[in-house]
1. With respect to Pro40, is the statement that it is more than 25 Å from Trp88 (Cα to Cα) and either over 17 Å from the mean Cα position of the chain (by Cα) or surrounded by 15 or more Cβ atoms within 10 Å (Cβ to Cβ) (or both) true?
2. Do we find a residue being at pLDDT 85 or above, hydroxyl-bearing (Ser, Thr, Tyr) and surrounded by 14 or more Cβ atoms within 10 Å (Cβ to Cβ) anywhere in segment 3-16?
3. When both residues are 6+ apart or on different chains and their Cβ atoms are under 6 Å apart, which pairs have a first residue that lies in segment 52-65 and is more than 16 Å from Pro28 (Cα to Cα), and a second that is modelled with pLDDT of 80 or more and buried (at least 16 other Cβ atoms within 10 Å of the Cβ)?
4. Could you list, in sequence order, all residues of segment 17-37 that are loosely packed, with under 15 Cβ neighbours inside 10 Å, part of a helix (DSSP H, G or I) and at pLDDT 85 or above?
5. Out of everything in segment 72-106 that is of a type in the set (Phe, Trp, Tyr) and at pLDDT 85 or above, what residue ends up being farthest from Ala61 (Cα to Cα)?
6. Tell me which residues, restricted to segment 43-69, are hydroxyl-bearing (Ser, Thr, Tyr) and within 20 Å of Val89 (Cβ to Cβ).
Amino acid sequence: MKSSAKLWSRWILIAFFILAGTNHFLNPKPYLAMMPAYLPWPAGLVAWSGVAEFPANLNAALHGWPGYPIPPWILWARLPLQPVLIWWVYRVCFRDGPATSRPAAK
């Protein structure tokens, strides 16, 4: 990925995660509603949604999002987004390692 495209992609990711993460704190009610009943401390897990994100999305797809009339196909369509986001972060942040400079040719 070219340097300028990688930089823009990183900024888009940053904006996405800031907005999505902030929404977990500003509007936790829908996230609490989708938490699986078998997980303890739902409010804490919503706050730590990076860890609880996939189980919550899977639970919502399997059982619906309590209190929110979201069509099942949308809930199922959200699941593939998780690996896409993981890949995107890897691709633009870690693929080339922490250092972006390359050794000079001899």
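1. Taking the combined requirement at face value, the residue satisfies it.
2. yes
3. Qualifying pairs under 6 Å: Ala61/Leu75.
4. Correct list: Lys29 only.
5. By that ranking, first place goes to Trp73.
6. Ser49
The values are calculated or read from the model by the stated rules, or taken from the named source; none is laboratory data. The shown structure was predicted, so the numbers you read here are calculated from the model rather than taken from an experiment. Backbone-built Cβ (ideal geometry, glycine too); neighbour counts: all protein chains shown.
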